[in-house]
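Q: Shown below is the structure under consideration.
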Amino acid sequence: MKKVLTIILAAALLTACSESTTSLSPLQPPLRTIFVLSSTNHLVVGESMAVQATAQAADGSPFHLTTVEWTSSDVAVATVTATGPLTAKVQTISEGSVSITASVESHSGQLDLSVTAPTAPSDDPWLAFIWSRE
């Protein structure tokens, strides 16, 4: 009887520790919120930046995500490309507003980003003239 119980417990442990096909861990409190972290919410056309997804569980503790799906609300303004399971690169293309979203199952978090045109340096009239001619 002891051997059977040991085998059942070992099988249960192996099942719990095996890789899950979901991005959420079954052994932690439910997911409450996903956050998209960035260094800024404003970029100039042509700039890029790294973003990262983090999450919080329903009890307020950090939630361990294994992967997220990244999307851009307007790929004409900015694209987003995964660089790791929880990180991505945002590349700006044109002026406008865009939301960068990290999603897992039915949960998502977003970063609202403003993209503006580059401005000419105003300190030197010659550089401003050259800039306006390009």
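Q: Each label point is 7 Å from the Cα along the Cα-to-Cβ direction; what then is the distance between the points at residue 35 and residue 76, in nm?
A: 3.4 nm
Q: Under 5 Å between amide hydrogens, which residues at least 5 positions from residue 47 or on another chain qualify, with H placed 1.01 Å from N in the peptide plane?
A: 92
Q: Could I have the simple spin-label model distance between residue 105 and residue 27, label points 7 Å from Cα toward Cβ, reported in nm to one decimal?
A: Each label point lies 7 Å from its Cα, and together they span 1.6 nm.
Q: About the Cα centre of the range 28-119, how large is the charge dipole given +1 on each Lys and Arg Cβ and -1 on each Asp and Glu Cβ? Please answer in debye to the nearest 20. Could the numbers behind the result be given before it?
A: Values: 2 positive and 7 negative charges, 30 e Å.
Result for the range 28-119 is approximately 140 debye, rounded to the nearest 20.
Q: Would you mind counting up the charge near residue 115? Only other residues with Cβ under 14 Å from its Cβ, with Lys and Arg at +1 and Asp and Glu at -1. Walk me through the numbers on the way to the answer.
A: Working: positive: none; negative: 47, 74, 95, 112.
Local charge sum for residue 115: -4.
Q: Placing one identical point scatterer on every Cα of the range 28-119 and ignoring solvent, what is log10 I(q)/I(0) from the Debye formula at q = 0.21 Å⁻¹?
A: Evaluating at q = 0.21 Å⁻¹ gives log10 I(q)/I(0) of -0.91.
Q: Could you give me the ³J(HN,Hα) list for the range 71-80, computed from phi with Karplus coefficients 6.51, -1.76, 1.60 and θ = phi - 60°, whole Hz, x at Gly and Pro?
A: Those phi angles translate into 9, 10, 6, 8, 5, 6, 9, 7, 10, 9 Hz.
Q: ³J(HN,Hα) across the range 44-50 via Karplus (A = 6.51, B = -1.76, C = 1.60, θ = phi - 60°), whole Hz, x for Gly/Pro?
A: The phi angles translate into 9, 3, x, 7, 9, 7, 8 Hz.
Q: Please name which of 101, 48, 61 has its Cα lying farthest along the dipole of the range 28-119 towards the positive end, using unit charges on Cβ (Lys, Arg +1; Asp, Glu -1) and the Cα centre as origin.
A: 61
Q: With θ set to phi - 60°, apply the Karplus curve 6.51 cos²θ - 1.76 cosθ + 1.60 along the range 96-113 and write out the HN-Hα couplings as whole Hz, x wherever there is a Gly or Pro.
A: Ordered by residue, 3J(HN,Hα) equals x, 10, 8, 10, 9, 10, 10, 10, 8, 6, 8, 10, 8, x, 9, 10, 8, 10 Hz.
Q: Can you give the FRET efficiency to the nearest 0.05 for residue 69 and residue 116, using r as the Cβ-Cβ distance and R₀ = 41 Å?
A: It comes to 0.90.
Computed from the coordinates by the stated procedures, all read-outs in this text should not be read as laboratory data. All values reported here derive from a predicted model rather than from experimental measurement. For neighbour counting, all protein chains shown are included, and Cβ atoms are generated from backbone atoms with ideal geometry for every residue, glycine included.
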